[in-house]
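Down below is the structure, laid out as structure tokens.
The values are calculated or read from the model by the stated rules, or taken from the named source; none is laboratory data. Source: prediction; values computed, not measured. Note that we place each Cβ from the backbone using ideal geometry, even for glycine, and neighbour counts take in every protein chain shown. For accessibility, only protein heavy atoms count, side chains too; no ligands or nucleic acids. Shrake-Rupley method; radii C 1.70, N 1.55, O 1.52, S 1.80 Å.
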Amino acid sequence: MAQSQSSEAKTGYMLVAPPLLYAVLLLAAPLATVLIYSVLTGENGAVSLPMTTENFTTVWTGRVYQAIMARSLYVSMLVTLTTVLLAYPIAYFVSFHVRPERKALWLFLITIPFWTSYIIRVALWRTILGYNGIIDSTLIGLGVTSEPLNILSYGVVSIIITLAHAYAPFAVLPIFVSLEKVDRALLEAGQDLGESRWTTFLRVTLPLSMPGVIAAVLIVFIPTVGDYVTPELIGGGKVPMIANMIEIEMLKKRDQAMGSAIAVTAMSIVAIVSILFVLLNKRFIGGTK
Amino acid sequence: MTFSEDKPVMIEFRDVHKYYGDYHALRGIDGTIKAGEFFSLLGPSGCGKTTLLRTIAGFEGISSGVIMIDDRNMAGVPANVRPTNMVFQSYAIFPHMSVAENVGFGLRRDPRTKAEKAAAVEEMLAMVGLTGYGDRAAHELSGGQRQRVALARALILKPKVLLLDEPLSALDKKMREHMQVELIKLQRQVGITFILVTHDQEEALVMSDRIAVMFEGGIAQLADPETLYRRPNSKQVAEFIGTMNFVPATILSEVGGKVEIEAKGLGKVTLDETQSPPPRGEEPVVGLRPETLTLLFPGQTTSERKVDGLIDEVIYFGDMTYYDVYLGGTDVEVRLSMRNVPGRPILDVGTRVEVAWSPEALVLFR
């Protein structure tokens with residue numbers, strides 16, 4: 001018995017070994033490297049001793065770093081807000097107003113944006129939002145405006161539009177799942193007890209779907225803070241975010257220690273915000289069961 | 001059972017129809033429910049009883065007809081302003097709220113102060129036997145407790161009508177019987193009209209002042225429990241409520257409300273018009289309940305009529321024994337029940353016996 005158990009355990013280790021090795025080499029090792037680099041002295045593309053906290057002091061007190069960090073948070077929060085606000089009605093519609101046998105089809109349709117690579121979608125948004133792009137020529141053609149709006153040049157706005165579109169499916173799904181779990185009898189109970197459809201939504205449906213909303217917030221917020229491609233291609237490099245800053249430090253200034261310190265700082269901020277949301281989620285989950 | 005006769009009308013149905021697409025769910029419901037009555041909608045699943053309850057609550061619209069509650073036409077009146085509250089089959093306790101928050105859910109627009117509302121919630125919890133449970137989370141409650149919360153939450157709004165959608169079906173047998181009695185007591189205490197939907201005929205008989213038996217979207221019979229049990233108006237109702245033996249019969253004559261029949265194995269009987277519900281064009285049969293038939297043990301005599309029998313099957317139930325008996329040397333088999341009182345033997349299969357019966361217990365279906 002013990003023999004077979006240990007051999008079973010061996011088989012288990014054998015089976016997890018490849019992904020474990022992969023995780024150690026490609027996730028844990030680089031992460032450890034970044035952590036170590038962040039407390040070393042960087043110069044000319046190399047890092048060396050002695051250990052120092054100076055990188056962090058520079059990152060946390062430098063005006064430019066603070067501004068870019070704040071902008072990253074601000075932009076990703078706006079993206080998250082926009083995405084979740086757009087995703088909620090979609091999820092609600094599919095959950096409450098689509099016939100059960102059609103729901104799978106609707107969810108499938110929501111994944112259509114994923115059929116095209118993100119880079120191509122970014123390029124398409126440039127065409128749509130850009131100077132004399134599709135929006136401009138439509139509005140001019142309709143006589144709404146005579147000058148091109150060139151929304152692309154607004155930087156933050158076009159970043160939000162692009163990212164919200166990209167992350168919408170990720171937000172729709174968790175909200176949809178949490179809405180599906182809401183017992184429909186509870187909505188009738190709400191109305192039976194004197195609430196209108198709208199107030200029943202506010203008092204019953206919305207609080208019960210909060211776990212899904214919080215999951216959506218995390219899923220959108222975490223990757224958008226560190227987004228690199230969109231500010232580069234849509235913002236035209238005029239509105240750099242944390243990832244672009246790291247690139248500048250690492251590759252242009254060749255200061256890997258500073259780049260690492262920014263990366264670690266960004267990770268910490270994201271971690272803190274995420275933990276806050278997870279705690280918030282626990283409060284909602286605590287009441288459900 | 002004249003409880004309901006002198007009460008004012010609380011709910012009135014006038015030719016209520018409900019279609020779901022081509023499906024005719026309610027087929028011309030007529031009838032009244034009296035104020036303060038414990039009324040049951042009884043029927044097999046799919047008979048429309050829950051649909052009818054939901055049309056009273058306002059969760060379902062009706063395709064035609066009129067539903068009046070307390071002299072007000074309910075057409076176009078949404079569920080949230082109807083003078084009805086519901087105890088849902090699943091109880092529909094809000095999982096993100098405490099017991100007290102659940103009970104006080106409907107008090108949001110109530111002009112009373114916070115403290116007064118809290119006192120009202122406490123009072124309601126005491127009434128359903130949940131004093132001190134206010135701070136518990138909904139998921140910490142047992143099935144019976146959830147049901148009490150659902151009751152308190154509905155009753156705190158002092159509705160004119162309380163609707164109960166199979167409220168006991170999720171409970172085990174002991175708890176169910178206990179809650180049946182509690183519900184009856186509660187109903188007497190608050191004096192509110194209760195409308196109960198159930199598929200359990202025993203539950204309906206135990207709890208109700210009056211019962212509407214429903215089949216296929218229509219009310220087959222609306223009567224008090226005793227009438228329903230003793231004088232069902234159709235074979236279908238008779239079969240649904242309790243056990244009923246059916247004996248083939250031929251109609252000999254019909255004069256001035258009296259019907260003379262020849263029942264196979266029982267012989268000639270003259271029946272009163274109350275024993276002969278309106279004809280439906282079916283093969284005539286007489287129905288008789290197992291407890292109206294009595295086995296005569298050796299030496300016993302009876303003032304009732306009697307017939308020879310042969311025991312075909314014996315089913316022992318502890319307090320009762322059921323005997324399946326062939327009547328009068330025919331192939332007509334009836335089931336009869338005997339209490340197992342001390343000194344009374346359980347008879348064997350194959351024993352020849354005499355069966356006493358009373359003509360007043362018969363009902364003729366034709």
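Observations on the structure shown:
- Qualifying residues in the stretch B:303-335 (those that are among the aliphatic types (A, V, I, L, M) and free of Cβ contacts under 8 Å to residues at least 60 places away in the same chain) - the one surrounded by the fewest Cβ atoms within 10 Å (Cβ to Cβ): B:ILE315
- For A:SER268, the criteria (1) of a type in the set (Ser, Thr, Tyr); (2) open to solvent by 10 Å² or more (accessible area, probe 1.4 Å); (3) touching a residue at least 24 places away in the same chain (Cβ under 8 Å) hold in every case but one, which is (3).
- Filtering the stretch A:99-111 for residues that are of a type outside the set (A, V, I, L, M), assigned to a loop (DSSP other than H, G, I, E, B) and closer than 19 Å to A:PRO223 by Cα leaves a non-empty set.
- Test result for B:PHE194, outside the structural domain of B:ASP331 (by TED's automatic domain parsing) and crowded, with 19+ Cβ neighbours inside 10 Å: yes
- With respect to the conditions (1) open to solvent by less than 10 Å² (accessible area, probe 1.4 Å); (2) among the aliphatic types (A, V, I, L, M); (3) assigned to a loop (DSSP other than H, G, I, E, B), B:ILE346 lacks only one, and its number is (1).
- Residue list for the stretch B:232-262, restricted to those being in a strand (DSSP E or B) and acidic (Asp, Glu): B:GLU254, B:GLU260, B:GLU262
- Selection status of A:ALA9, over 30 Å from A:HIS165 (Cα atoms) and surrounded by 10 or more Cβ atoms within 10 Å (Cβ to Cβ): yes
- Check on B:GLU101, within 12 Å of chain A (Cβ to nearest Cβ) and either on the phi > 0 side of the Ramachandran plot or charged (D, E, K, R) (or both): yes
- Restricting the stretch A:195-216 to residues that are open to solvent by 20 Å² or more (accessible area, probe 1.4 Å) and without any contact (Cβ under 8 Å) to a residue 40 or more places away in the chain, the residue that is nearest to the other protein chains (Cβ to nearest Cβ) is A:SER196.
A quick yes/no check of all residues on (1) farther than 21 Å from A:ILE248 by Cα; (2) not β-branched (Val, Ile, Thr):
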residue	(1), (2)
A:TYR13	yes, yes
A:LEU20	yes, yes
A:THR33	no, no
A:ILE36	no, no
A:THR53	no, no
A:ALA67	no, yes
A:VAL75	no, no
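- The number of residues in the stretch A:120-151 being in contact (Cβ under 8 Å) with a residue 40 or more places away in the chain and open to solvent by 90 Å² or more (accessible area, probe 1.4 Å) comes to 1.
- Count of the stretch B:17-47 residues which are more than 26 Å from B:VAL181 (Cβ to Cβ) and open to solvent by 10 Å² or more (accessible area, probe 1.4 Å): 14
- Residues located in the stretch B:70-113, provided they are open to solvent by 40 Å² or more (accessible area, probe 1.4 Å) and of a type in the set (Val, Ile, Thr): B:VAL81, B:THR113
- Positions within the stretch B:114-139 being within 12 Å of B:MET97 (Cβ to Cβ) and open to solvent by 50 Å² or more (accessible area, probe 1.4 Å), in sequence order: B:ASP135, B:ARG136, B:HIS139
- Taking each residue of the stretch B:71-84 that is more than 16 Å from B:THR32 (Cα to Cα) and facing chain A (nearest Cβ under 8 Å) and looking for partners that are among the aromatic types (Phe, Trp, Tyr) and part of a loop (DSSP other than H, G, I, E, B) with beta-carbon atoms closer than 6 Å, six or more apart or interchain, yields B:ALA79/B:PHE59.
- Failed item in (1) part of a strand (DSSP E or B); (2) of a type outside the set (Val, Ile, Thr); (3) over 19 Å from B:ASP70 (Cβ atoms); (4) open to solvent by 40 Å² or more (accessible area, probe 1.4 Å), with B:ARG14 passing the rest: (3)
- Residues satisfying the stated conditions in the stretch A:130-163, i.e. at pLDDT 75 or above and within 18 Å of A:VAL75 (Cα to Cα): A:VAL156, A:VAL157, A:SER158, A:ILE159, A:ILE160, A:ILE161, A:THR162, A:LEU163
- Top-ranked residue in the stretch B:200-222 [being part of a loop (DSSP other than H, G, I, E, B) and under 12 Å from B:PHE38 (Cα atoms); ranked as farthest from the chain's Cα centre (by Cα)]: B:ASP209
- Total residues in the stretch B:40-55, condition within 12 Å of B:PHE13 (Cβ to Cβ) and part of a strand (DSSP E or B): 1
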